[in-house]
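Nothing in this text is a laboratory measurement; each read-out follows from the coordinates by a stated rule. Fair warning: this is a prediction, and the values are worked out from it, not measured in the lab. Methodologically, a virtual Cβ is constructed for each residue, glycine included, from the backbone with ideal geometry; neighbour enumeration extends over all protein chains shown.
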Amino acid sequence: MASLRCGTRSDGSTYVQVPYRLDGKQSSTSFEDLASAAKFQKLVEKFGPAKAQETLGTDPEFTAMTVREWVEHRIEHLTGLTYDRGGCELGPSKTKKSVRAINVPRRVLDKLDLGNEWIFLNKAGRPVKGNGFHDRVWRPAVSARGPRWTKTATPSPTGPERSSALASTT
């Protein structure tokens, strides 16, 4: 049998605790509001504490985020290059497979200015953006290779192809 117990933390905030027995030991789960605690209590009584705990991670009522939590989560999981009010920030890659080493010939590295925050800059001295790179660098580079390489829709380069295209324009 599960019950409800209200408590106050040292910071003055309140919580509702649902005590129960699990695997022969006294245990409990705490909630910020009475409605969530009462719902969990009913699940414990109907299905047992182990099954009730499984719902904590899957039931939207138990996993709902506040706007602040969602924004913080979103920012922590941004991927790639993000632009904000004229500034750029490099976020983590989307997957572990997105991180890879590429071999760049020494003659190419010697042409790069590695003394700045960003290696590839546009004429304004800002980081190169994908759309500008495609229109001003990639498409002309493919066209210069001749008709055999030119197609109606020229795909954007990724990985080593992008590095090669950038290096060939310096």
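If R0 is 30 Å, what FRET efficiency do you get for T14 and K97 from their C-beta distance, rounded to 0.05? Don't skip to the end; give the middle numbers.
Details: r = 46 Å, r/R0 = 1.53.
Calculated transfer efficiency: 0.05.
Grab the beta carbon distance between A50 and V71, set R0 = 45 Å, and tell me the FRET efficiency rounded to 0.05.
Working: r = 34 Å, r/R0 = 0.75.
Computed FRET efficiency for A50 and V71 comes out at 0.85.
Shape call for the stretch 5-63 from the C-alpha gyration tensor, a ≥ b ≥ c root eigenvalues: rounded (a/c under 1.5), prolate (a/b greater than b/c) or oblate? Show your work: numbers first, answer last.
On the way: a/c = 2.17, a/b = 1.35, b/c = 1.61.
Taking the square roots of the gyration eigenvalues as a ≥ b ≥ c, the stretch 5-63 is oblate.
How much length, in nm to one decimal, is gained on full extension between L4 and A124, taken as 0.36 nm per residue of separation minus their Cα-Cα distance? Could the numbers behind the result be given before it?
Working: separation 120, 0.36 × 120 = 43.20 nm, distance 6.32 nm.
Taking 0.36 nm per residue and subtracting the Cα distance, the gain is 36.9 nm.
For the modelled label position 7 Å from the Cα of A38 along Cα-to-Cβ, which residues of the stretch 1-32 have backbone nitrogen atoms closer than 17 Å?
Hits in the stretch 1-32 for A38 at 17 Å: 2-7, 15-19, 31-32.
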